[in-house]
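This report refers to the structure that appears directly beneath it.
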Amino acid sequence: MRYEDHPDFYVRVFARVLGCLLPGEITVILFPGHGLVLTEAIPTQLIPENLRMPNSEFYLLFKHPGCEMIRILQIDEFCPEIDGSQN
């Protein structure tokens, strides 16, 4: 098994849209409600249109070492990298 195939290689991070502070970017709050104020600016084209409004919630899928963002996941979306490997 390759390391990339292991579910611990990926992290699903809960996010909430804060708003559009710069043209072409949407700012999201990572881990909202946990007392942290971590924000991430994401290019608008990476976020589905139905999730671009303030307070929209979704998950960001990151590769664990290096924090490379892979994609956006809807709240109830199956994630093969994490969910498909669990028995």
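The values are calculated or read from the model by the stated rules, or taken from the named source; none is laboratory data. Note that this is a predicted model, so its numbers are computed, not measured. Positions of Cβ are generated from backbone atoms using ideal geometry, with glycine treated the same way; all protein chains shown enter the neighbour counts. These accessible areas exclude ligands, DNA and RNA; they are computed on the full protein's heavy atoms, side chains included. Shrake-Rupley method; radii C 1.70, N 1.55, O 1.52, S 1.80 Å.
Side notes on the structure shown:
- The dipole here belongs to the range 12-84: it is taken about the Cα centre, uses +1 on the Cβ of Lys and Arg and -1 on the Cβ of Asp and Glu, and is about 160 debye.
- Checking every one of the GluC sites (Glu not before Pro) in the range 17-77 against DSSP loop status and a limit of 10 other Cβ atoms within 10 Å picks out 68.
- In the context of the full set of protein chains, the range 12-84 has a per residue accessible area of 61 Å² (1.4 Å probe).
- Taking 0.36 nm per residue of sequence separation and removing the Cα-Cα distance, the residue 36/residue 49 pair yields an extension gain of 2.1 nm.
- Note on the chain: with a GNM built from Cα contacts shorter than 10 Å, the maximum mean-square fluctuation among 24, 33, 66 falls on 66.
- Springs join every pair of Cα atoms under 10 Å in this Gaussian network model of the chain, and among 54, 65, 32 the largest mean-square fluctuation is at 65.
- Residue of 13, 28, 37 that the Gaussian network model of the chain assigns the largest fluctuation, springs spanning Cα pairs under 10 Å: 37
- Relative frequency of Cα-Cα separations exceeding 23 Å in the chain, percent: 24
- Accessible carbon and sulfur surface of the range 12-84 relative to its total accessible area, %, 1.4 Å: 57
- Computed extension length for residue 68-residue 9: 20.1 nm, one decimal, from 0.36 nm per residue of separation with the Cα-Cα distance subtracted.
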